[in-house]
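Worksheet: one structure, shown below.
The values are calculated or read from the model by the stated rules, or taken from the named source; none is laboratory data. From a predicted model like this one, the values you see are computed outputs, not experimental measurements. Glycine also receives a Cβ, built like all others from the backbone with ideal geometry; neighbour counts cover every protein chain displayed. SASA here: full protein model, heavy atoms, side chains in, ligands and nucleic acids out. Shrake-Rupley method; radii C 1.70, N 1.55, O 1.52, S 1.80 Å.
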Amino acid sequence: MTTPVHPVNRLRPRRSCLAVPGSNPRFLEKAQGLPADQVFLDLEDACAPLAKEGARHTIVDALNNGDWTGKTRVVRVNDWTTHWTYRDVVTVVEGAGQNLDCIMLPKVQDAQQVVALDLLLTQIEKTMGFEVGKIGIEAQIENAKGLVNVDEIAAASPRLETIIFGPADFMASINMKSLVVGMQPPGYPADAYHYILMRILMAARMHNLQAIDGPFLQIRDVDAYREVAGRAAALGFDGKWVLHPGQVDAANEVFSPSQEDYDHAELILDAYDWCTSEAGGKKGSAMLGDEMIDEASRKMALVIAGKGRAAGMERTTKFEIPEA
């Protein structure tokens, strides 16, 4: 395990995480103009085996010469059970490490797989003269073993930024009775994904990581996408994959607070700051309209306000000091 030479901000906006086949130059170019928070250029499932080697070089060219302004730039490599992984990492990071934010590792089953990627990244960074520890890692949980080991995985490296749910492979790994990725299986009267999502969320939050929901493959059914994304957002997830441009706006909306909630959160922060100040009487709690607020209220408001600020939202209300 390594430690970054300099502290790195691992909490980036990831409301919408757009998957782009690394072997398709046209899609790579189009992705640069879409309003996704994160774009990941895929060397794994989106690339046929015979296209993977060429796709590495296509991705390096796209990262070095494309305009990815405002986007988190990620490459998903193949998982460690294949023979492609080390060459994916070496080619992409040596070729475009200065223009890369994270490597996504799929099908993570134990902490040692993350440690191995960390060590390989460190060797490349030292060899190339890059800042050691700057490139982050995103770990994708896609089977039962990965979920059982998710606590250890989340603690495996200071490079880790996100824990991601991979629903398609996961559903297959546990023999779930459904062919529609992300939708509820027939015959089960509750949310079949609740335990999985909460398990990932708890591991992520324990280590101050972001939790990301995976893809919804019915790409033309945006309403269904919103419903599935809304489930993850309600629990506290930070974002969700998008497979089609039509899903980007939906993800950005679902994982941003409403204007009303954002305004209210900012008002709570202002009111709490005032009531605990000398001028406000150094009180531990106060009334904001008909609502009592205290330190716990402030912590909850910080979450909503942080998401709104990250989304570039602007306030439409202003705190007024209450009359004595």
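Of everything in region 129-148, what is of a type outside the set (D, E), open to solvent by 10 Å² or more (accessible area, probe 1.4 Å) and under 22 Å from L100 (Cβ atoms)? Give them in sequence order.
G129, F130, V132, K134
Out of (1) at pLDDT below 95; (2) out of contact with any Ser or Thr (no Cβ under 9 Å at 6 or more places or on another chain); (3) open to solvent by less than 60 Å² (accessible area, probe 1.4 Å); (4) not charged (D, E, K, R), the odd one out for G230 is which?
All conditions pass for G230, except number (1).
What residue, among those in region 177-201 that are of a type in the set (A, V, I, L, M) and modelled with pLDDT of 90 or more, is surrounded by the fewest Cβ atoms within 10 Å (Cβ to Cβ)?
The residue in question is A190.
Per-residue answers, yes or no, for (1) among the aliphatic types (A, V, I, L, M); (2) touching a residue at least 12 places away in the same chain (Cβ under 8 Å); (3) within 21 Å of N252 (Cβ to Cβ):
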{"position": "L288", "(1), (2), (3)": "yes, yes, no"}
{"position": "D294", "(1), (2), (3)": "no, yes, no"}
{"position": "I304", "(1), (2), (3)": "yes, yes, yes"}
{"position": "R309", "(1), (2), (3)": "no, no, yes"}
{"position": "R315", "(1), (2), (3)": "no, yes, yes"}
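For region 233-263, name all the residues that are open to solvent by 30 Å² or more (accessible area, probe 1.4 Å) and among the β-branched types (V, I, T).
V254
Go through region 109-165 and report how many residues are over 19 Å from N208 (Cβ atoms) and assigned to a helix (DSSP H, G or I).
The qualifying residues number 19.
Among the residues of region 307-324, which ones are at pLDDT 85 or above and not in a loop (DSSP other than H, G, I, E, B)?
K307, G308, R309 - these are the residues of region 307-324 that are at pLDDT 85 or above and not in a loop (DSSP other than H, G, I, E, B).
For region 85-110, name all the residues that are among the aliphatic types (A, V, I, L, M) and either at pLDDT below 95 or open to solvent by 20 Å² or more (accessible area, probe 1.4 Å) (or both).
Once the filter is applied, which keeps residues that are among the aliphatic types (A, V, I, L, M) and either at pLDDT below 95 or open to solvent by 20 Å² or more (accessible area, probe 1.4 Å) (or both), region 85-110 yields only V90.
Is it the case that some residue within region 259-268 is more than 31 Å from the chain's Cα centre (by Cα) and part of a helix (DSSP H, G or I)?
Scanning region 259-268, I find no residue that is more than 31 Å from the chain's Cα centre (by Cα) and part of a helix (DSSP H, G or I), so the answer is no.
Condition (residue is in the same structural domain as K107 (by the TED database), in contact (Cβ under 8 Å) with a residue 12 or more places away in the chain and closer than 14 Å to G239 by Cβ) applied to region 170-181: is it met by at least one residue?
no
Considering region 200-215 alone, what residues qualify as being in a helix (DSSP H, G or I) and either small (G, A, S) or closer than 17 Å to K107 by Cβ (or both)?
I200, A203, A204
Could you pull out the residue among D151, D118 that is surrounded by fewer than 19 Cβ atoms within 10 Å (Cβ to Cβ) and either at pLDDT below 95 or within 20 Å of the chain's Cα centre (by Cα) (or both)?
Exactly one residue qualifies, and that residue is D151.
Being of a type outside the set (D, E), without any contact (Cβ under 8 Å) to a residue 40 or more places away in the chain and part of a helix (DSSP H, G or I) is the requirement here; does R231 meet it?
no
Working only within region 269-306, note down all residues that are over 30 Å from G239 (Cα atoms), part of a strand (DSSP E or B) and touching a strand residue (DSSP E or B) at 6+ places or on another chain (Cβ under 8 Å).
A286, M287, M292
Say whether the condition of being in a loop (DSSP other than H, G, I, E, B) and over 17 Å from the mean Cα position of the chain (by Cα) is met by at least one residue in region 70-78.
yes
Assuming R226 fulfils every condition listed in (1) in a helix (DSSP H, G or I); (2) farther than 30 Å from E29 by Cβ; (3) not acidic (D, E) apart from one, which condition is it?
The single condition R226 does not satisfy is (2).
Quick test for you: out of E278, E295, E314, pick the one residue that is closer than 24 Å to R15 by Cα and surrounded by fewer than 12 Cβ atoms within 10 Å (Cβ to Cβ).
E314
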